[in-house]
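Structure first, commentary second.
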Amino acid sequence: MATPNQNSPDALSEEILAEAKRECDEIIRRAQQGSASLLAAATAKAEKIRRDKLEAAQAEATRLSELTLATISVETGRLRSAHIEAILENIREEARRQLLARDFDGHEAIVTLAAEAIRRMPGTDFVLKISAADHAAFGDKLAEGIRQRAGRSPLNLTVFADPTMTDGGVVIQFADGLQIWDNRLLSRLDRLWPELRRQIATQTSLVEKNESNGGVA
């Protein structure tokens, strides 16, 4: 039996083909390994991007939720403050209406208001200004009642009608005009209203006693 000649063209060709196949297989194997590594890296990167976007979306959703809640809280507070303010303003307007309606003893009101002011003012000579309507009704009866109510002696009181005064109450001033106490009813309401509105708001539970609500209480 004849021994194959390893140097024959056929043998060389087979060897070359075998080597080429081995190199091709190695290239394919390396390519497969590289592809697997690239796929794993791409998958990991995609997962990281997905997690990052999910976390960002959750953070944005949380931020928007907190912002919405804060906005609701602010709006609720604003509406509550506006409602309280409207209630207090209605009370103030009703007080003004009742004062202007003069549904009370005008003589007693002037005596009380004048005596209250005079007790806090030094001196003995005072000028009292009242409306023309009040002066016509009981001007001559006021001075003695005020002296008794003030509990001071001597007191020289001059009462006259002021045509510029249209509401009830009295304006008291020194005879020389250097000091004036405006105790007209509406002026007194305006002066006392900040404290009155605070008391009304707290005593009617519109606000808590220790609550600060934009100046409402």
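The values are calculated or read from the model by the stated rules, or taken from the named source; none is laboratory data. Since this is a predicted model, take the numbers as computed values, not measurements. Cβ sites come from the backbone with ideal geometry, for glycine too, and all protein chains shown count toward neighbours.
Tabulated results
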item: ILE130 vs. criteria surrounded by 16 or more Cβ atoms within 10 Å (Cβ to Cβ), in contact (Cβ under 8 Å) with a residue 60 or more places away in the chain and among the aliphatic types (A, V, I, L, M); result: no
item: Condition check for ALA86: within 18 Å of THR158 (Cα to Cα) and either at pLDDT 85 or above or in a helix (DSSP H, G or I) (or both); result: no
item: Lone qualifier among LEU69, LEU12, LEU54, LEU99 - being surrounded by 10 or more Cβ atoms within 10 Å (Cβ to Cβ) and either at pLDDT 85 or above or of a type in the set (Gly, Ala, Ser) (or both); result: LEU99
